[in-house]
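A.B. asks: Supplied in structure tokens, the structure appears directly below.
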């Protein structure tokens, strides 16, 4: 290093007598190079996933969840290559308010399925969650047995600010899990907000977990959750609770009958279980099997998956059209002006909209 | 007229010996010219409207409802000029399933208001209606007294294929009616589909008409109508029906209490009336007056109108962004291709959406 070098002329760059620590930098360089070499290629990832390699699967999901556009490009290629191996599964949405026992239910239900020889993946959609805040499924200790189970794969909700983003990541993760040989995908969501609708539009079967006597039947009707459910499973139907659970079953059955027949040709069922005592769990799977037989026989199963694909395609377009428009600097500025003019009664919302669209 | 004229060379244009009927054509020409001269200018229309001239008002509304872009341009100018005279009114949305007695109620309620010295305009939002099919309010004979009433103006639902278009026309008509001095605007809609949500977002007060014992309480909860209502008025509460109506009032009051408090600070009320026997009608107006006092005192009234303007601005932009995108010939063609690729499992909905957006 020479002081005569023109790049050292600035006083801010005065490094006279300072040598970079040679040894350390060699070590760092080697380590970085080694890491770079370890980054698997698209082919490696696809081969790994389709061979059921969990490390490859996890890495591909990390690419899907990344906010780096290069990662997303790579993820898209991996997913596209995995598509022919996907779709051979059943996707089950599970919702219920906090406290209903979703984790315990998934633990019991998932173990039952792996006992039957199935490979299960448990995903989640919870846009409010971040790693720091602690999300549903984030605390894997709530599913002790399942975590240790070789035939179960658990992945917490991807973080993200928009439901659209979180839902997209989960939907792409489903494809990767299916390509990795998981034949039963469970997608958990919390019983609040729009995330239930998003999960409903990515699953074959939608299961609503309830408690007896929680008095939130009206909430379920109001928010359209009961309308979406293919089954209502009343959890904690044990001990002193059993009687109340049985009478809740009658009530929910009555409520379900007030809805018109579903396009699926399936009449939603109500059943009881105790995830803790592990009773009624096999019945839930029997019920889902019956649903699959019905909807595969009448072609609703395929029809529904096609409609869901179309929905996600159009949904993605519409979200992007909006975000492209509103994120333009020109529009951001003029939207405020036009809103002010509308509020001052100087223009109508429709004329203002036309003006903004003409920019 | 000469046969030598080149434009008469075609046999199809053989007019040898035929003279146009001179007298008739002169008469027609004069009539057409006269009509053209009668087409009022923007200033004429605005002056007419703000002087309460019903002919000018009707003509301006016809411009609003026209599908001719030149008419719409003229309409926009008239509306903008009318804006300073508008907004001084109360806008009341009225909904209820067919058979609940909406026309009879509006007849009785409207007559009561004009007796109080008010000037009322009755509009409608019904995207399913066309002039030929017969719409709500289309059959004015159902409002015999109101039609003859000097202080009432009744306009059927504009026709249109999209709710967005119909709602926009009605919303612009509100402004014109207000500028013409109508201080109470009622907007009727049928109790089906999304039109109720559209009407709710253009009014100050939303009134749900009900019948006792119709058993559609759950429907109202499901579709979110009860949640939107500022008052539930149980009609046909007379004779043998009175007892059932009173018990329905108790039930609806109970249902309303299950909802969280509204932003307006107003607790929705349930009242009984018989539009036919003209009982309970004054009470409905008292209730609305109480609502106006509450929401003007706590500034919700103004706040809500501002929010509605913002909603319509954004709504119009988003509808147009979508229609511009999907109506492009390029997209129409490629959307089909991409959907086919998605269904064949060759691409994902998200990659397909990105491709379409990049075109």
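Just so you know, all these numbers are worked out from the coordinates, no wet-lab data involved. As the structure is a prediction and not an experimental result, all values here were calculated from the model. Note: ideal-geometry Cβ built from the backbone for every residue, glycine included; neighbour counts use all protein chains shown.
A.B. asks: Mind giving me the nanometre distance, one decimal, between the label points for residue B:254 and residue B:302, set 7 Å out from Cα along Cα→Cβ?
C.D. replies: Going from the residue B:254 label point to the residue B:302 one covers 4.2 nm.
A.B. asks: Rounded to the nearest Å, what's the spacing between the alpha carbon centres of segment A:299-359 and segment A:234-280? Just the number, please.
C.D. replies: Between the Cα centres of segment A:299-359 and segment A:234-280 lies a distance of 41 Å.
A.B. asks: Evaluate the Kirkwood expression for the hydrodynamic radius of segment A:35-85, namely the inverse of the mean inverse distance over all pairs of different C-alpha atoms, and round to one decimal in Å.
C.D. replies: 10.8 Å
A.B. asks: Would you tell me which residue of chain B has the beta carbon closest to the rotation axis bringing chain B onto chain A, and how many whole Å away it is?
C.D. replies: B:321, 2
A.B. asks: What does the structure give for B:336-347 when I average, per residue, the other chain Cβ atoms found within 10 Å of the residue Cβ?
C.D. replies: 3
A.B. asks: Can you give me the relative contact order of segment A:53-191 as a percent, contacts being Cα pairs under 8 Å and 6 or more apart?
C.D. replies: It rounds to 38 percent for segment A:53-191.
A.B. asks: Taking a label point 7 Å from Cα toward Cβ, how far is residue B:297 from its twins in the other copies, in nm, shortest first?
C.D. replies: Spelled out, the distances from residue B:297's label point are 6.4 nm.
A.B. asks: Find the eigenvalues of the gyration tensor of the Cα atoms of segment A:48-131, then list the square roots of 5 times those eigenvalues as equivalent ellipsoid semi-axes, largest first, in whole angstrom.
C.D. replies: They are 26, 19, 11 Å, listed from largest to smallest.
A.B. asks: While we're looking at this one, here's another question. Taking the DSSP beta bridges in segment A:194-336 as the whole, what percent of them are antiparallel, to the nearest 5?
C.D. replies: 10 percent
A.B. asks: Over the Cα atoms of segment B:86-298, what is the Rg over Rh ratio if Rh follows Kirkwood?
C.D. replies: 0.94
A.B. asks: Let me ask something else about it. Quick one: with label points 7 Å out along Cα→Cβ, list the inter-copy distances for residue A:340 in nm, shortest first?
C.D. replies: 5.2
A.B. asks: Evaluate peptide B:316-329: per residue, the Cβ atoms of other protein chains within 10 Å of its Cβ; return the mean as an integer.
C.D. replies: Mean partner-chain Cβ count within 10 Å for B:316-329: 4.
A.B. asks: Taking only C-alpha pairs under 8 Å that are 6+ residues apart, what is the relative contact order of segment A:146-297 in percent?
C.D. replies: In percent, rounded to a whole number, it is 16.
A.B. asks: Just tell me how shielded B:170-181 is by partners: mean number of partner chain Cβ atoms within 10 Å of each residue's Cβ, no decimals.
C.D. replies: Partner-chain Cβ atoms within 10 Å, mean over residues of B:170-181: 1.
A.B. asks: Expressed as cubic angstrom per residue, what is the convex hull volume of the alpha carbon set of segment A:313-358?
C.D. replies: So the per-residue Cα hull volume is 71 Å³.
A.B. asks: Suppose we take every Cα in segment A:241-359 and form the convex hull; what volume per residue is that in Å³?
C.D. replies: Residue-normalised Cα hull volume stands at 235 Å³.
A.B. asks: While we're looking at this one, here's another question. Please order B:347, A:294, A:62, B:104 by the number of other Cβ within 10 Å, starting at the fewest.
C.D. replies: A:62, A:294, B:104, B:347
A.B. asks: In percent, what relative contact order does segment A:35-85 have, based on Cα pairs under 8 Å that are 6 or more apart in sequence?
C.D. replies: Over segment A:35-85, the number comes to 34 percent.
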